[in-house]
């Protein structure tokens, strides 16, 4: 009997993710790019939004959700997270451009489901910030229920790479190992050398491939990645805090003709907002984190507002297994710190992060032809009283509050009956700051 | 049953008498040890322990010096049920073994005059089992447990970082390793063995589980490349992402090196001489698909990552030591990857768990009594009163506890289902027509029989199970023409059992390895009246032990206490009888007590003892980390475990 | 080595110098005196919600009256009048557990004053180390948190916590009248995802801690007994033992013990311990309280739950269980307060309460959990936590529901002081929203 119950519960999971065609009727659509449409229907076919209109008749075989009184917004996007990956930092060198967290995807991370339960459908699974040039990142869709890590990838999303400035790489390599960089001066030179080497590598291969040189250069995945950045094939997402280091990196990038960059965290971005805007750099910030280390002491929760008002494409990110569960609330804080309008606030967790990840043609707003990613709330998502009801990814209902099982694990450890109790560390002064330092050998970290 | 041969399965036959000089070697080594000892700080017991075993690994095997000489190399197994290969019905007949090969099989076997005859009436013979992947007989390399320091952890030398595809298991084979005896005892005649190590430990060898040195044992060497997701310590490639990058980099470098080499060989003019890199060079056979990569991929994510590398780079893969493939079956089938299942399975839920739980509750309750008396001292009356109150309370609580906890029930059901999923994976592969063999990287030889029976109970057919032990690994390893079935002309690797192998009480009587018979020791079972009600031996007391090592400090004391169902062992060496190593929660299996502990001093060494008790004495072995396995014995001084 | 040490001292000096040179976090002074808040919707928490006015005199709420009532507000010596039409008056929010004032910059250890060396140091006084000039304080109080429990942390008995008002120039000025030692109850769970201890090791550590706890308690009881006898016999007490002195009021039930405990089985063990030792206890953290809510209610132990915005502790737990935890406890009959366990972001207290409200606690109960409940738990129910005549004038005036992020807090009163609504974060906003010069020099 128990066994039967168990099987049934899995049938439910499978059912949750079954259909790719859905009609959501009578809701208030927050389209982000085309205003708020009350009492409107949205039809998803084959995983894509196929129609937004009033009174759409359900095609046969399409599941209908009555969303009267509900608010429907595009699936929330987190431009900075470490969910769904088994490794965050390969903290062995100031430049680890050759590693890629897309190699460590793990669809069994229950954090993915918990993020879905907060309306988040897409996240940017990032390498950590131990190294100046960190590893490559992966944009994932929260297709909870799949077992194959390949199915987490957002196919077509551009390649991205993590850079990091300031204290973290300085602490790991400079203080920890006596290797440059130990200062922000050294930091600049690490980048300059990495780009110069990448340029030389690219040139050497061009010479070989064009027959100019007969000897093939030694294969080097790290330099290959640097070359790909120079070619503009990889978007940079740079962990940064202080105004001076942000200006430094923009200078270096200018010298090498690299344009695509989103500064992550960027707590002092507000100080150089005009420069960021002029460069075309984006900013992805915390709603209110500060003071967890010296380089974020001179922060202000008004950062997002100042950046946005200065014309910088700005998003609010989580960098946390906890915050990602309520990014709608984090975005809402921009209304406390700067009185942003509802749409300005919601852009920070939808279309803006989509732009930063290069996926704004696919996701980030409710538009015909875009992915069928929806977050359905019972109240306006910027209200503290809003509860996500259903989260739809590519037309699949991946989270449904009415079908939410208490234990949603997909991978059960056959050696433990009651899953281990683990004290969380998301509060009480974010020990080493951001989630970015996961996996860095403890002996390298200075206990705070 | 009538048996004329008399070889112990534990002892190899000294065909070539190469240990004539054993005594001399022993004396030299002893002197060495004593000299070192005078220099060493003797108070550090752990170090002396390690040093001792270091030197011992040079020593000869002293246990079979009194073996009788070999009389004949011809054997006839008479009147047995022969299961020539998986899926064929047993046929009754005899098997003639000559010069290590199967000479004749069938009803009409001519018996040579000089053959030893083994009457196998009502017994069963199978082709000797083939272990598709393990570390059987392979020593750990010396550096593996160290944590070497490198100046620049981003660019460590390959060999320091565990990138050693050029190493060969052949060079690490020791015929004295206990694992050989263990595997042979379970019916194996051939193992495909690979080195220990990290990401790229090295290349495999196919060996016979008998012989006096690697040369004698080896059938083929450098047959495969072994890889596992095990990072370097404190240096690149450390994490899984580093390992994946390093894999790609190594493979692609090998592809380019191959190209470079060949264009240089064709016409070197104007081409820089290719620099030699042993690690990259060693991977060229992988690029050429001359070697398959045996990729240890136990858990679901490891399977997908290994397959991702394979898809990306295109080498031939054997997914190895697989434990959790249920959700990858489709992609495994599509990729046509070979697959080796780990023989280890998660433990089945114990039925008497509820009983244990109650006991636990009792323990925590008694803790409270203790707590209550801790405060202000209570009078005897008060204590009585408290106890009564407590009893009443705990009765109430017990009643309450009998109420079902839906959360716990749910979690228990999920765990049970998870265990079932692991156990039924072999049957699932069979259902999907995916052939597989078994590997023993993370498991013990003795797990084979009970676990394969669990797999069969979960739907695996006996035919496929037997194939996974014989014909499938033979095919995969390219030795079908010499092993895997009982056929004329093949290697005389044969397992003989008293009942059909897959029956619960089936016991292996003989294992032939290339014609050499090994008889299993029948452990004497003590009468129940003398021992515990469950048939387990009475082992409580103070014992002295002696290890079969030429050291002054080779003796010591073992105290064994019984606590409920388990035992607690305290052990100390004679050189410091104040420093007891304590090991708890040990289970006694009949008269067999196995336990291990770590000795730490700078580096950590695991010491495992496997002791068989017989009345007032015991015999057994001690395995000291990578340094080898040695005999030990002991006797009881008193029945009170006090020093 | 010595030079290194000196260097560190110098560095620390520089850092601290840095901090103190910008310690004026506000450009205006707080003002004191008589205030009349008119035409506001007053959410008293204890006596209903109505339109009316509140008067403040000598740091005390001197009057609360409904609109149209006959009570005339008369203030001798005049008063500052605040017309709060369309706005709301709430009691100042109380955070039941923080490190505020004790920590400045997370990763700079020399700015962290809540974790002293030692496992048994209940005599360490949080109040001693509260830095009235911490940048954190103005940042958080203008969000409406007027009072917070500043807690030491670390070992088994990490010190004595103190309730402080988030305004004042000396710790004594800030002290809000409640102190109690903290006990980190022996934990049987893993300390974090990085905790690699085996289950056995965890158990061993727990047992060790339990034994230590019971040893300490036995001694503390004996010590107290001796102390009582000494007093009764008018004799001198032996020796200097500040640790035991700090526990004496708890042994005598004159002071509660703050017990930090989170895991279900630990909570049960803590309840038994409290009953056995007859301790007046307050539980803190209580992350898995939802699983043992009835037991806590039965034991009548009040709890300070939080953070609410936190992940479940086990992979098999329901995703929303930490949001729902305070509500489940409250429904079971437990007296619930909420804490953030924060240092620099105590300002998120209303949002922790807001999530609790949304996920089952309800707005009224959640509001109580950050106002009257903590006040009562700390034995200050007659002084704090509601808008009532005679209570300390800790109140806020805001544009709406303080749980909503759209709501702006317009005025904050602490101890009757009208606090300037600025902090370094608002000053930076003012300076940089429209930076001059902009791009050009």
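Coordinate-derived values only; no laboratory data. Computed from a prediction, not measured in an experiment: that's the story for all the values here. We place every Cβ from the backbone using ideal geometry, glycine too, and count neighbours over all the protein chains shown.
Tabulated results
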| read-out | value |
| --- | --- |
| Highest average packing first - A:101-110, B:248-257, Cβ atoms within 10 Å | A:101-110, B:248-257 |
| Normalised contact order of chain A, rounded percent, pairs of Cα under 8 Å and 6 or more residues apart | 21 percent |
| Virtual paramagnetic centre 7 Å along Cα→Cβ of residue B:72, amide N under 13 Å, in the stretch B:96-121 | B:96-99, B:110-119 |
| For the stretch C:315-441: rounded, prolate or oblate by the Cα gyration tensor [a/c cutoff 1.5] | oblate |
| MRE, 222 nm, helices only [DSSP H, n ≥ 4, -39500 (n - 2.57), over chain C, to nearest 500] | -9500 deg cm²/dmol |
| Nearest-ten-degree value, helix C:199-232 long axis tilted from longest Cα axis of chain C | 80 degrees |
| Relative contact order %, chain C, counting alpha carbon pairs below 8 Å whose residues are six or more apart | 20 percent |
| Rounded FRET efficiency, nearest 0.05, which uses the C-beta distance separating residue B:152 from residue C:38 and R0 of 51 Å | 0.10 |
| At R0 = 25 Å, FRET efficiency that the Cβ-Cβ distance of residue C:195 and residue C:294 yields, to 0.05 | 0.25 |
| Fully extended contour minus Cα-Cα distance, from residue B:502 to residue B:271, at 0.36 nm per residue | 76.9 nm |
| Listed residues A:209, A:303, A:352, most fluctuating in chain A (Gaussian network, C-alpha, under 10 Å) | A:209 |
| Separation of the residue C:30 and residue B:278 label points, Cα + 7 Å toward Cβ, nm | 7.4 nm |
| Segment residue A:193-residue A:259, extension gain: residue separation times 0.36 nm, minus the distance between their alpha carbons | 22.0 nm |
| Helix axis angle, A:327-336 relative to chain A longest principal axis, alpha carbon, degrees | 80 degrees |
| In degrees, nearest ten, helix A:2-16 long axis to first principal axis of chain A (Cα) | 80 degrees |
| Projected label distance in nm at residue A:405 and residue A:34, using a 7 Å step from Cα toward the beta-carbon | 3.8 nm |
| Chain A - share of DSSP beta bridges that are antiparallel (%, nearest 5) | 50 percent |
| GNM flexibility winner over chain A from A:351, A:236, A:384 (Cα, springs under 10 Å) | A:384 |
| Residue order, fewest to most beta carbons within 10 Å, for B:276, B:155 | B:276, B:155 |
| Listed residues A:218, A:164, A:200, most fluctuating in chain A (Gaussian network, C-alpha, under 10 Å) | A:218 |
| Mean Cα-pair separation over length for the stretch C:63-220, i.e. relative contact order, pairs under 8 Å, 6 or more apart, % | 18 percent |
| Residues listed by number, the stretch A:204-248, amide nitrogen under 17 Å from residue B:263 label point at 7 Å toward C-beta | A:204-220 |
| Label zone at residue B:592, where the point sits 7 Å out along the Cα-to-Cβ direction: the stretch B:608-625 residues whose backbone N lies under 17 Å | B:608-615, B:618-623 |
| Residue A:379-residue A:45 pseudo-label distance in nm [points 7 Å out on the Cα-to-Cβ vector] | 3.7 nm |
| Per-pair calculated FRET efficiency, R0 = 41 Å: residue B:335 and residue A:213 via Cβ, rounded to 0.05 | 0.60 |
